[in-house]
Amino acid sequence: MTFADNLKNIRKDLKISQNDLARRLGIAQSTVGMWETGKRTPKLDEIKRLATALNITVERLVSKNDRKLEISGNAVYIDGEKVDGLETIDIERIIESVRTFRDARKKTSEKPTDTGKTFKAPKILIIDDEKEMCELLYSYLVPHNYKVFITFNGQMGLEYFNEINPDVIFLDLGLPDIDGSEILSIIRKVSNVPIVIITGNPGDIADIHLSDLKIEGFISKPFSVEEILNTLKQILG
């Protein structure tokens with residue numbers, strides 16, 4: 001279930017119309033409509049306001065806890081139905097991802113030591129049109145104390161870049177509206193922010209190097225959450 005579907009179902013369960021929700025938020029009803037159709041993704045502050053307006057937690061708004069995941073032996077079951085086509089390495093990655101998320105939740109639940117310093121969470125901007133992958137990354141990176149912003153097309157990605165001034169950008173080359181290389185070129189004219197390319201065709205990286213556009217590296221699809229976390233640690237320390 002996508003964020004858009006989750007928002008729509010929660011709103012209907014609470015018997016709140018789009019117009020009522022828009023009025024509570026002080027925005028146009030069309031904006032709520034775009035959120036619920038997936039044409040636009042709310043920003044982090046908008047997600048927090050949405051949760052407050054619906055009187056629910058942010059976790060419930062962005063999570064997919066309506067689906068039950070089970071790993072038994074050498075098989076994966078979702079809502080009791082076996083997922084076919086998975087290889088052993090895929091199952092191992094799922095198990096490792098669950099462990100990573102569990103450990104992250106445990107760490108965030110521990111009381112932090114007061115060092116007298118104010119921690120500023122790094123801002124991560126993900127520009128990729130694969131919505132489920134972006135939402136998965138959001139759910140894993142936030143518990144690791146990152147502020148995560150996701151966009152599904154190049155135009156909105158550039159708008160977010162100008163607005164939030166991210167610390168790291170993960171950029172997909174195959175976007176529906178603007179080529180990822182063009183977005184990289186636009187950003188490089190004004191910023192040296194670390195950019196990591198996400199691509200299903202590693203050969204495309206050669207064109208970026210030939211264009212003399214600086215990147216921090218690239219990650220090939222499909223990838224694991226651990227690759228993203230390790231990349232962020234290398235860049236940010």
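Basic (Lys, Arg) and at pLDDT below 90: which single residue out of LYS147, LYS221, LYS189 fits that description?
Values: LYS147 fails: at pLDDT below 90; LYS189 fails: at pLDDT below 90.
From the options LYS147, LYS221, LYS189, the qualifying one is LYS221.
Using the structure shown, decide if THR108 is exposed (fewer than 10 other Cβ atoms within 10 Å of the Cβ), over 20 Å from THR2 (Cα atoms) and modelled with pLDDT under 90. So THR108 does not fit the description; no.
Residue count for the range 154-166 satisfying the condition of being surrounded by fewer than 18 Cβ atoms within 10 Å (Cβ to Cβ), of a type outside the set (A, V, I, L, M) and either touching a Lys or Arg at 6+ places or on another chain (Cβ under 9 Å) or modelled with pLDDT under 90 (or both): 2.
Cβ-Cβ distances below 7 Å connect no pair with a first residue in the range 162-173 that is on the phi > 0 side of the Ramachandran plot and outside the structural domain of LEU232 (by TED's automatic domain parsing), a second residue that is crowded, with 22+ Cβ neighbours inside 10 Å and of a type in the set (Asp, Glu), and a separation of six or more residues or different chains.
Would you say PRO143 is within 17 Å of PRO122 (Cβ to Cβ) and crowded, with 20+ Cβ neighbours inside 10 Å?
Details: within 17 Å of PRO122 (Cβ to Cβ): yes; crowded, with 20+ Cβ neighbours inside 10 Å: no.
When the stated conditions are applied, PRO143 does not pass them.
Kindly check whether there is at least one residue in the range 198-207 that is under 17 Å from the mean Cα position of the chain (by Cα) and without any contact (Cβ under 8 Å) to a residue 40 or more places away in the chain. Looking through the range 198-207, at least one residue is under 17 Å from the mean Cα position of the chain (by Cα) and without any contact (Cβ under 8 Å) to a residue 40 or more places away in the chain.
The values are calculated or read from the model by the stated rules, or taken from the named source; none is laboratory data. Being a predicted model, the structure only gives us computed values, none of them experimental. No Cβ is skipped: glycine too gets one built from the backbone with ideal geometry, and neighbour counts run over all protein chains shown.
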